[in-house]
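Rule-based calculations on the coordinates, nothing more; no lab input. All values derive from a computational prediction rather than experimental measurement. Cβ atoms come from the backbone with ideal geometry, glycine included; neighbour counts cover every protein chain shown.
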Amino acid sequence: MSTALGPAQLPWSSDRAPADYARLRALHGPVGHDDASGAWLILGYEAARSVLTGRGWTSDPMASEVNRQGLDALGIAEPPLSRTMLLLDGDDHARQRDSVRDVFTPRYIAQLSDGVVAIADDIIAPIGTRTPFDFMTEIAQPFPIAVIAEWLGLDLPAAQTLWTEAAAIAPALDGILDAEAAPAAAGALAALVAEFLPLAAQRRTEPSDDLLSLLATDPRLDLDEVVMNAILLAVAGHETTANLLGGGIARLLTGPVGRRPIDRIDADDPAVLDEMLRLDGPAQAVFRVATFTQQLGGHTIGAGDRAIVVLGSANRDPDVFDNPDQFRLDRDGRQPNLAFGHGPHRCLGAALARLEVTVALRMLIGREPVLDGPPVLRDSRLLRGLHSLPMRFLKGSRS
């Protein structure tokens with residue numbers, strides 16, 4: 001696809017992203033136009049926050065004529081998740097987000113702590129001492145899926161389909177698809193709709209004490225919106241948390257034992273997770289379209305122009321973060337990282353992700369983990385994460 005903006009057109013590589021971000025900032029400054037992708041690159045921290053605030057920008061990719069032409073060339077009328085809060089703005093976005101806003105607050109999420117701990121223990125405790133295993137397939141992926149499946153009240157077939165299909169939908173989380181990803185995403189979405197639709201219809205008339213019932217019984221949402229937003233919450237929550245765990249844990253375990261970052265941290269220190277998010281946040285970029293002509297970073301951006309807000313670059317902006325490539329726990333926090341976004345579309349599940357990662361990190365530290373081989377990075381420019389992370393535990397779960 002030559003005209004639509006897809007992951008293959010992003011001007012950085014998956015294995016050299018931090019270095020590529022520095023190169024792009026040196027070339028363009030905080031804002032610059034990338035001719036190859038036909039989009040504005042938002043690379044600096046302050047410029048990124050400005051765009052994410054929302055005024056003058058939309059998250060709807062169909063606001064761009066170029067994107068519409070690209071999707072049409074693929075035979076796709078609209079992005080797979082176009083009817084969800086992810087790609088809506090204004091009143092429709094607020095209506096859908098408000099349906100679950102109250103149960104994603106930090107105070108409410110804290111009430112889920114005991115259940116999250118129990119799920120983590122069920123997954124981590126059975127792994128044997130000194131037994132080699134892959135952290136991604138044994139812990140990072142099943143843990144957040146088990147949490148969100150339990151909270152949504154999914155039956156076993158729906159949970160299994162979520163496990164199987166989530167990765168294929170992940171490239172569509174910002175409404176941008178290329179020719180290679182589109183068929184798999186469409187097929188995965190169809191499989192999930194087939195599982196979620198009857199469950200949502202049942203919860204509409206026979207609600208239970210779960211997140212899917214909360215969505216299904218909201219009179220402001222039609223059944224299609226219930227289904228699509230439940231799928232969004234399930235896929236986005238799983239993919240982002242799994243990749244944050246993988247990338248963050250790999251960083252914490254790198255180095256000689258006794259001098260690794262994990263050897264000097266407190267799992268409950270918020271600064272630990274903040275630095276994991278800043279350096280290894282899974283969402284490397286989000287897409288926006290300008291709704292009117294405006295000035296940004298000394299450039300005139302026209303209505304309908306596309307922008308790539310490069311979160312991975314903004315979080316390493318040396319004008320905001322001293323020694324930006326270093327893992328440091330003494331940052332003052334006055335400029336929070338943008339890994340969860342900013343503004344109206346800031347990640348709804350941020351508090352849940354923080355709880356899950358903190359719980360997992362606490363248990364992992366207790367098992368004295370060590371790397372058992374090099375991490376293998378996924379070939380993905382948009383959602384950064386690991387394909388595999390070989391590991392061993394030196395201490396038993398009940399020691």
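Observations, loosely collected:
- Rg/Rh for the chain, where both radii come from Cα atoms and Rh is the Kirkwood radius: 0.95
- The ranking of Thr161, Thr293, Thr241 from fewest to most other beta carbons within 10 Å of each one's beta carbon is Thr293, Thr161, Thr241.
- Axial C-alpha extent at least 18 Å, average Kyte-Doolittle at least -0.5 - helices from the chain (DSSP): 156-169, 182-205, 223-253, 350-366
- In this Cβ point-charge picture (+1 for Lys and Arg, -1 for Asp and Glu), segment 7-393 has a dipole of about 880 debye about its Cα centre.
- Amide H within-cut-off set for Gly32, under 5 Å, with H built and near neighbours excluded: Leu41, Leu43
- Lys/Arg +1, Asp/Glu -1 at C-beta; segment 7-393 dipole; positive extreme among Pro270, Leu10, Pro390: Pro270
- For the peptides 321-334, 37-50, 73-86, 262-275, the ranking by mean Cβ contacts within 10 Å, running from highest to lowest, is 37-50, 73-86, 262-275, 321-334.
- Neighbourhood charge, 12 Å Cβ-Cβ cut-off, centred on Arg97 and excluding it, Lys, Arg +1 and Asp, Glu -1: -3
- Listed from fewest to most Cβ neighbours within 10 Å, the set Glu195, Glu180 follows the order Glu180, Glu195.
- Residues whose placed amide H lies under 5 Å from that of Arg378, excluding near-sequence neighbours: Gly385, Leu386, His387
- Positive-end ranking of Gly75, Ala39, Leu232 along the dipole of segment 7-393, with charges on Cβ about the Cα centre, is headed by Ala39.
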